[in-house]
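> Got a structure for you, questions after.
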Amino acid sequence: MAKVLVVDDEPNIVLSLEFLMQQAGFDVATAEDGEAALASVADDAPDLVLLDISLPGISGFDVLERLRADPAHARLPIIMLTAHGREVEREKGMALGADDYITKPFSTQALVDKVKSLLTEAP
Amino acid sequence: MRHDLVVLTVAFGYLALLFVIAAWGDRRAEQGRSLIGSPTVYALSIAVYCTAWTFYGSVGRAAQHGPSFLLIYLGPTLAMLLSPFVVRKMVRIAGAQRITSIADFISARYGKSAGLGALVALIALVGITPYIALQLKAITLSHAVLVDYPAPPALRLAAAPFWADKSFWVALVLAAFIILFGTRHLDASERHEGMVAAIAFESLVKLAAFLSVGVFTVFVLFNGPGDLLARVAATPELAGAMSLETVPGGALGWVGMLVLAFLAFLTLPRQFQVLVVENVDERHITRASWLFPLYLLAINLFVIPIALAGLLLGTGGDPDSVVLTLPLASGLDGLPLLVFIGGLSAATGMMIVETIALSTMVSNQLVMPLLLRFGRLPRATRRGLAGRLLAIRRVAIVLILLMGYLYHALVGDAYSLVTIGLVSFAAACQFAPAMLIGLYWRGANRLGAALGMTAGILLWAWTLLIPGFAQSGWLDAGFLADGPFGLDWLRPYALFGLEGWDIYTHSLLWSLTANMGLLVGVSLFTRQGPLEQTQAALFTEAMHPRLAQASLWQGQTSRGELRALLDRYLGAAATARVFADRTAEDDDQPAPAALIAHAEQALAGALGNASARVLIDSVVRGEALDLEAILGILDTTSETLEMNRRLEQKSRELAHTSEELRAANERLRELDRLKDEFVAMVSHELRTPLTSIRSFAEILRDSPDLPEDKRARFLDVVVRESQRLSRLIEEILDLARLESGRLALSPRRLDLVELARHSVEAVQRLQEERGIALDVAIEVDDAPVIGDPDRLEQVIINLLDNAGKFAADEAPRVKLCLVRHKAHYRLSVEDNGPGIAPEERERVFEKFHQIERSDDTPARGRPRGSGLGLPISRGIVAHLGGRLWVEDAPSLGGACLVMELPEAPADKETPAEPATS
């Protein structure tokens, strides 16, 4: 069963994402900041990451950059979730190697579809 | 008696040496390695001022009139000190306008007037010829003294046929020299480098010769200056010889002589030639302005000792010959010969330069205009006229020297050297008003200059020249004493009853007064023509850095016609130079204005400005002068300075304004950036609760079979996040009102103690739920302040909330204190959390600043702040005249926020009444 890592510092958002992913049939791991996210990627070996940008400590961009710098995670599907709706930030996220960039608030159905499609694409 | 043959051999040998030097100078100039490109050579060439008159006459005048001879050298000294201003301007103009002589200069200044140029040339001829004669006389006299001594010199002037007169041959040799080195180029505005080199050499020779006699007199004839002065003091009749009272005319005589020498130094044709026309570099003027006065000092150093020695030793004969007779009396051979050569050099130097200057004037200001006017120049000469022009100048040279010789032979006996010199000086001074006033006053016009100069020269003739003739026996001298036709007030030496003046000062006063008066008066009441206005502007504004000779022609002519004109007057080579960079164009094409201007300049250099203008006029059709261009120049000259000043002021103001605008723009951009940032922050803060609300709403909608506990929990999230959203919107609105100053506060007198207790009650239940221990320490009975109770309560609750959020996890504690501090009340809220680092303490008041706790883990069930509470609190407190800041918690060790409000003034009407109850 595919495993999704949910990274966000808002407990209620983590709660909703966790429920959505479980309902869609995935295992879920959660992290509240960048350090915990990096640790979870190493420990839990998720198949996909939902990554918030505004995190305490190291930001979501930093986490993305570090993961992409590691060959082991170069192709790990990562979806950025952010409350920053500005185009420059979206471009920055894509340039850093995010697979998608979803602005909050989002359609739960669209998010679940996106996660599913990325996971079935993967070999 | 010396061998005449030896003397003649040495003399002509010396002249031959001059030829060699001049030829060398010209050769070097052609090779581009100029001999005269040095300020020292320039200063030495100016010393052509010191003629035979200086060489022999100074001693003579000192012997007769004491130290007054010095004035003749103080005038030029003064003029040279001013030369960096006056002469520099003249040089600048002469360069721009291709000026060839002082006559050309004055003619050009007054609208290239041919008439005025001719007048100056005539005055110069009449006034200066005696001066040339004087040089010949000096040569003849010194030669006779040298050969005949100790017998009195036998001049045999009128008695002998002219071929037996050596001065005639001297004149002819000089004519040959001048023709060779003075008329090499047609373009008279080009430098005569060989001639100038020879003149500078002559200045060295005459100085060396004079200093030799001086040293010989003081240190050989006497035992140094002390001995000489002691001997003079012991001779009663000589005691007062060098006192200042011996100057003719007294104090007025001093002034008159000084002015005379000052003006003549600038206006004598030869001085104008070396100072202005032959100047190769404006910068040389600076060095010459002190070097030349130094030369004058050196050559005058021994005048008084020699004069006194002559008087003491009584060499006899003419006082003008003392320089020569003093060494002769001592039986020397070599020194008298050296002195003779020195005198010869002084005389020939003057004659060479003066003759070149005069011949240029004669050809360009007298002959050429006449030939042009009466059409005596065949228009279609194949050979061209360049050679003919040079021939005219050469004939003029010979004629001028012959006139000098004739004057010398016929009149010369009657006058002393100095007298002839001063008469010439006074004539040259008549050019000064037109030249100097014209240099600085743009209004001076041609009619004024012409009338002034005419009146001046007539008065000069009446008060100096004619009496001179009378005194030499040519006229009945009766009118001197009684006036013509018995008219007493017309007596030449006491005009209009002005008696008792020295004759030169007297003449100068009348002639210059009339000259200047007419120049200024007539100019004020008559108008200038357009060309006159232009030239006046070009002269007076010559130092203006941006003023270049503008192309004023707008008439039409073909290149071919222009080329033919130049060909005829300048020859093929000079024409080719003018057309040099334009050879590619077709001769049938119309000539551009710049080319016409260039052609006129080239013609002016050869023919003078007036003739050049006439010739250009003859080929250019249509309205020749571009009146608009002239008006343009007039505008850009007189008004330019004022305009520049105003423009500078305006541009300073503009620079200041634009700096202010730049700063304002900078502030606006900063504000705009902050606003963008604020909007981004707000949107970010709103999206977070909105995300939870939408997500859970969709989950609840899409999952009908959700277990009841989950459904309740999710609905609770939706409700709490909605409340958070409302609170956030409320805060954002508060902040916006605060910043725009529209926050509605209703301040009134209230008791802070009461309010604090009220606030504590409001948060107590929640704090207790979270296990926070809340202490209250109110140390005053009441605390009257002015404030809005609702807003202040909002502030206090916010402080208590924050403290609760940041208190330690284990046994969290919060403490509220209220104390009086001077005329204020201080309400502080502290916690036992990790505290706030000093560098963070101001940042917590920034909008959306989230305080990060090092040990923070947000999932602890404490709601995150929006980051707006503290900025809003600070804004409210500031509105009420108080302060809000962070410090170390005094008792609990965490952070401490302190609010300070001023004590309300004692209320007279109502005693402190509880604000809220």
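> Could you order peptides B:589-602, A:62-75, B:106-119 by the average number of other Cβ atoms within 10 Å of their residues, highest first? Numbers along the way, then the final one.
Numbers: B:589-602: 19.2, A:62-75: 15.1, B:106-119: 25.4.
For the peptides B:589-602, A:62-75, B:106-119, the packing ranking is B:106-119, B:589-602, A:62-75.
> Related question: Classify chain A from the C-alpha gyration tensor, please: rounded if a/c falls under 1.5, else prolate or oblate depending on whether a/b exceeds b/c.
Values: a/c = 1.21, a/b = 1.09, b/c = 1.11.
Taking the square roots of the gyration eigenvalues as a ≥ b ≥ c, chain A is rounded.
> Under 5 Å between amide H atoms, partner at least 5 residues away or on a different chain: which partners does B:D775 have, H built in plane at 1.01 Å?
Residues meeting the amide H criterion: B:V814, B:K815, B:L816.
> Also, I was wondering about something else. Which order, highest average first, do A:7-16, B:662-671 follow once you tally other Cβ atoms within 10 Å for each residue and take the mean per peptide? Before the final figure, lay out the partial values.
Details: A:7-16: 23.2, B:662-671: 10.1.
Put in order of decreasing packing, that is A:7-16, B:662-671.
> Determine the shielding of peptide B:717-728 by partner chains: average, over its residues, the number of Cβ atoms on other chains within 10 angstrom of each Cβ. Don't skip to the answer; put the middle values down first.
Details: counts 5, 1, 0, 1, 3, 0, 0, 1, 0, 0, 0, 0.
Average per residue, whole number: 1.
> On to the next question. Pop the C-beta distance of B:L410 and B:T40 into the FRET formula with R0 = 35 Å and round what comes out to the nearest 0.05. Walk me through the numbers before you get to the answer.
Details: r = 40 Å, r/R0 = 1.15.
E between B:L410 and B:T40, to the nearest 0.05, is 0.30.
> Taking each residue in A:100-108, count the Cβ atoms of any other chain within 10 Å of its Cβ, then average. What number comes out?
Working: counts 0, 0, 0, 2, 8, 12, 5, 3, 8.
Partner Cβ neighbours, averaged per residue: 4.
> Which semi-axes, in whole Å and largest first, does the equivalent ellipsoid of segment B:745-902 have when worked out from the alpha carbon gyration tensor as the square roots of 5 times its eigenvalues?
On the way: eigenvalues 116, 58, 42 Å².
Square roots of five times the eigenvalues give 24, 17, 15 Å.
> Extending each Cα 7 Å along its Cβ direction at B:D809 and B:L297, get the distance between those two points in nm, one decimal.
9.8
> Which whole-number percentage describes the relative contact order of segment B:745-902, with Cα contacts under 8 Å and a sequence gap of 6 or more? Present the calculation step by step, with values, prior to reporting the outcome.
Values: 298 pairs, mean separation 37.6, N = 158.
For segment B:745-902, the relative contact order is 24 percent.
> Could you check the simple spin-label distance between B:E840 and B:R820, using points 7 Å along Cα→Cβ, in nm with one decimal?
Each label point lies 7 Å from its Cα, and together they span 3.6 nm.
> Using each residue's phi in segment B:133-147, evaluate 6.51 cos²θ - 1.76 cosθ + 1.60 at θ = phi - 60° and report the 3J(HN,Hα) Karplus result to the nearest Hz, with x for Gly and Pro.
In residue order, the calculated couplings are 4, 4, 5, 4, 4, 4, 5, 4, 5, 5, 4, 5, 4, 4, 7 Hz.
> On a full-extension model of 0.36 nm per residue, what is the gain between B:S746 and B:T513, subtracting their alpha-carbon distance, rounded to one decimal in nm?
Result: 74.8 nm gained on full extension.
> Given an 8 Å cut-off on Cα distances and at least 6 residues of separation, report the relative contact order of segment B:641-738 as a percent.
Numbers: 27 pairs, mean separation 27.6, N = 98.
Over segment B:641-738, the number comes to 28 percent.
> Taking Cα pairs under 8 Å and at least six residues apart, what relative contact order does segment A:37-123 come out at, in percent?
On the way: 91 pairs, mean separation 23.8, N = 87.
Relative contact order comes out at 27 percent.
> Another question, if that's okay. Among B:44-52, B:817-825, how do they line up by average Cβ neighbours within 10 Å per residue, starting with the highest? Numbers along the way, then the final one.
Numbers: B:44-52: 27.8, B:817-825: 15.1.
The densest-packed peptide leads the list: B:44-52, B:817-825.
> Subtracting the Cα-Cα distance from 0.36 nm times the residue separation, let me have the gained length for A:A72 to A:L119 in nm, one decimal. Could the numbers behind the result be given before it?
Details: separation 47, 0.36 × 47 = 16.92 nm, distance 1.69 nm.
Here the segment from A:A72 to A:L119 would lengthen by 15.2 nm.
> Further, regarding this structure: State, to one decimal in nm, how far the label point of B:L674 lies from the label point of A:A42, with both points 7 Å from Cα in the Cβ direction.
4.3
> To the nearest 0.05, how large is the calculated FRET efficiency for B:A251 and B:D281 if R₀ is 60 Å and r is the Cβ-Cβ distance? Write down the numbers at each step before the final one.
Working: r = 40 Å, r/R0 = 0.67.
E between B:A251 and B:D281, to the nearest 0.05, is 0.90.
> Let me ask something else. How high is the FRET efficiency between B:L122 and B:A391 when r is their beta carbon distance and R₀ equals 22 Å, given to the nearest 0.05?
Values: r = 21 Å, r/R0 = 0.98.
Efficiency, from the Cβ-Cβ distance: 0.55.
> In segment B:322-379, what trypsin sites (Lys or Arg not before Pro) fall in a loop by DSSP, with at most 16 other Cβ atoms inside 10 Å?
Passing both the DSSP loop test and the Cβ count: B:R376, B:R379.
> Right, something else. About the Cα centre of segment B:641-738, how large is the charge dipole given +1 on each Lys and Arg Cβ and -1 on each Asp and Glu Cβ? Please answer in debye to the nearest 20.
Details: 19 positive and 21 negative charges, 43 e Å.
Using only the charged Cβ atoms, the result is roughly 200 debye.
> Would you kindly state how much longer the chain becomes between B:E659 and B:R720 on full extension, computed as 0.36 nm times their sequence separation minus their alpha carbon distance, in nm to one decimal?
Numbers: separation 61, 0.36 × 61 = 21.96 nm, distance 5.23 nm.
Net length gain for the segment: 16.7 nm.
All of the numbers you see were taken from the coordinates with simple rules; none came from a lab. Predicted, not measured: the structure shown is a model, and the values here were computed from it. Please note: Cβ atoms are built from the backbone with ideal geometry, for glycine as well, and neighbour counts cover all protein chains shown.
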